[in-house]
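Rule-based calculations on the coordinates, nothing more; no lab input. Remember, predicted model here, so these are calculated numbers, not experimental data. Here the Cβ positions follow ideal geometry from the backbone for every residue, glycine too, while neighbour counts run over all protein chains shown.
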Amino acid sequence: MHLNDAFRSSLQSILNHKLRSFLTLLGIIIGVLAVVTMFSSVYSLKALIRKNMEGMGWNNSIIVTASGMSYDSRDQKKVVYKRTPENVKQLDYSDFDAIRTQLSYKYLYGMNEFQFPYRSGIKDIQVTLKGTNTAFFINKTYNLKSGRYFSYLDEIRGLPVIILGYYFAQEQFGKTDPVGKMINIGDSRYRIIGVLAKDKLNVGGGMNFNSWERKNDLKAVFIPLKYSTTYLSSRQLIQYIYVQAHGDEDYPQLKTRVRQLLLARHSMYPNFAFQDIGSMLMQINQEIDSAMKKWNVTLLVIASISLIVGGIGLFSTLLISIQEKMLEIGVRKSIGATESDIFFYFIFEAITLAVLGALVGIFLASLALLGMQTAFKIPMPMPVQGMVVGLFFSVLIGFLSGLYPALKASDIDPIKAIYYFD
């Protein structure tokens, strides 16, 4: 029997017993639905966590700060202040500029943070003023509501321009677009060139990612880093420098080169400290991957129980089908059908039923994931791996369930089969 004949015969047998085939398929459908949904949910959750961590600018990154104190190794509660020699300069804008011009990186920004009074109505309020550059907004995925980011000239010349955080602009200007207006903060006067949009990583209903820090950023206002180091900071000092590598492979080399460059500029005196965020994030990602793999195995085992139950139903249906088709088996063998022909006839019927159940289960799983995405406001795509896993398990269950009935049917004596109902 050719394979296409076996497939056509098995499909005809399924259509001739629609209700029985549907009830048999039900177990397979539920099993595949459970397997695909579980697998896709874990996969989507892991991808979401990784994507949003990257969106916060944590991956492959280091933060260089001025080293002012350290902890005594004998007593971690005792603070020991390090005195820097007078001939060694502190971390300043020239260090930032040296990294910017001499090294290869994905994102680089500096940061100075101040508190200044701002006249709001009839009272003064304290406003957080941050000196930074445009890479900060791109790295942190802070989009614009209106206006623009700092231009190259704004940053190089240190012009008195300002970008307002979303919540600051909302509180002080309401629905009015303040772009183009002048604003006084402390003793300085700035021209507003942009307003940040609401945080897209922490939209209501989804997962919260460092929401407290990001909300504080959107309550602050931002000026060019060069302006803050020139006019607001003594000796052009800078509080910290953030550097992000292009990828995992470039990260160790970038970290080494930043350290070497700063040591050379600081007379080989390490009066700066590294916060190795990239290594910490790599470890967190490894732990997340390990935990998710364990969950995948656990959930797949639980979901596979439904497939096994469906396989038992398929096994029973095929045994019943042998009794019903006893005369057909006898006639087929009497006109030349071999044992392998009968075997393929039954095994194809089992696999065809399993594949049909898998396809329906995958379709229902896509609807379930779409519903979860709408309910939880979290993207829940169905990865190809999930569909492959569901299809593979169903075909495997179909083959194993049909193996014994197919062998039993192929071994039936044709004479006994023809006179079975007499």
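Determine the alpha carbon to alpha carbon distance for each of Lys130/Lys200; Lys106/Lys215; Lys255/Lys294; Lys106/Lys293; Lys46/Lys219; Lys46/Lys145 and list only those over 28 Å. Walk me through the intermediate numbers first.
Numbers: Lys130/Lys200 21 Å; Lys106/Lys215 25 Å; Lys255/Lys294 33 Å; Lys106/Lys293 30 Å; Lys46/Lys219 30 Å; Lys46/Lys145 30 Å.
Checking Cα-Cα distances, Lys255/Lys294; Lys106/Lys293; Lys46/Lys219; Lys46/Lys145 exceed 28 Å.
Compare the peptides 225-235, 344-354, 131-141 by average per-residue count of other Cβ atoms within 10 angstrom and give them in order, highest first. Can you show the working numbers first?
Working: 225-235: 18.5, 344-354: 25.0, 131-141: 21.1.
Ranking, from highest mean packing down: 344-354, 131-141, 225-235.
Does the chain come out rounded, prolate or oblate, given a ≥ b ≥ c as the square roots of the eigenvalues of its C-alpha gyration tensor, rounded meaning a/c under 1.5 and, failing that, prolate meaning a/b above b/c? In terms of gyration-tensor shape, prolate.
Annotation: for a label point projected 7 angstrom from Cα along Cα→Cβ of Ser151, no residues of the range 97-111 have a backbone N closer than 18 Å.
For the range 83-270, the alpha carbon positions stretch 52, 40, 31 Å along the principal axes, listed from largest to smallest. Quick check: the angle from helix 3-16's long axis to the longest principal axis of the chain, C-alpha only, nearest 10 degrees? The angle comes out at about 80 degrees. Straight-line cross-link partners of Lys18 among the lysines, defined as a Cα under 18 Å from its Cα and at least 8 positions apart when in the same chain: Lys325. Please say if the range 164-277 is rounded, prolate or oblate, where rounded means a/c under 1.5 for a ≥ b ≥ c the square roots of the C-alpha gyration tensor eigenvalues, and otherwise the choice is prolate for a/b larger than b/c and oblate otherwise? Taking the square roots of the gyration eigenvalues as a ≥ b ≥ c, the range 164-277 is oblate. With the highest mean first, a sort of the peptides 174-184, 96-106, 188-198 on other beta-carbon atoms found within 10 angstrom per residue produces 188-198, 96-106, 174-184. Working from Cα pairs under 8 Å separated by at least six residues, relative contact order for the range 83-270 is 33 percent.
Counting each DSSP H run of 4 or more residues in the chain as -39500 (n - 2.57), what helix-only mean residue ellipticity at 222 nm follows after dividing by all residues, to the nearest 500 deg cm²/dmol? Present the calculation step by step, with values, prior to reporting the outcome.
On the way: 13 runs with 233 residues, N = 422.
When only DSSP H runs of four or more count, the value is -18500 deg cm²/dmol.
Each label point was placed 7 Å from the Cα along the Cα-to-Cβ direction; for Ile415 and Gln126 their separation is 10.4 nm. Axis of helix 18-55 versus longest Cα principal axis of the chain: the two differ by about 10°, to the nearest ten degrees.
In terms of the Cα gyration tensor, with a ≥ b ≥ c the square roots of its eigenvalues, is the range 298-381 rounded because a/c is under 1.5, prolate because a/b exceeds b/c, or oblate?
Numbers: a/c = 4.10, a/b = 3.02, b/c = 1.36.
It is prolate, given that a/c is not under 1.5 and a/b is the larger ratio.
FRET efficiency for the Asp97 to Phe363 pair, using the beta carbon distance and R₀ = 60 Å, is estimated at 0.55.
Let me have the relative contact order for the chain, percent, based on Cα pairs under 8 Å that are six or more residues apart. Walk me through the intermediate numbers first.
Details: 675 pairs, mean separation 126.9, N = 422.
Computed over the chain, the figure is 30 percent.
In degrees between 0 and 90, to the nearest 10, how far off the longest principal axis of the chain does helix 251-265 point, with axes built from Cα atoms? Orientation of helix 251-265: about 10 degrees from the principal axis. A Förster radius of 45 Å combined with the Cβ-Cβ distance from Glu249 to Glu328 puts the calculated FRET efficiency at roughly 0.10.
Which FRET efficiency value, to the nearest 0.05, do you get for Thr141 and Leu23 by plugging their Cβ-Cβ distance into 1/(1 + (r/R0)^6) with R0 = 45 Å?
Numbers: r = 51 Å, r/R0 = 1.12.
Taking R0 as 45 Å, the efficiency between Thr141 and Leu23 is 0.35.
Take each peptide in 156-169, 313-326, count the other Cβ atoms within 10 Å of every residue, and average; sorted highest first, the result is 156-169, 313-326. Annotation: amide H-H contacts under 5 Å for Ser67 (H modelled 1.01 Å from N, sequence separation of 5 or more, or interchain): Phe272, Ala273.
Find how much the distance from Ala47 to Lys200 grows on full extension, using 0.36 nm per residue of separation minus their present alpha carbon separation; answer in nm with one decimal. Let's see the in-between values first.
Working: separation 153, 0.36 × 153 = 55.08 nm, distance 1.66 nm.
Here the segment from Ala47 to Lys200 would lengthen by 53.4 nm.
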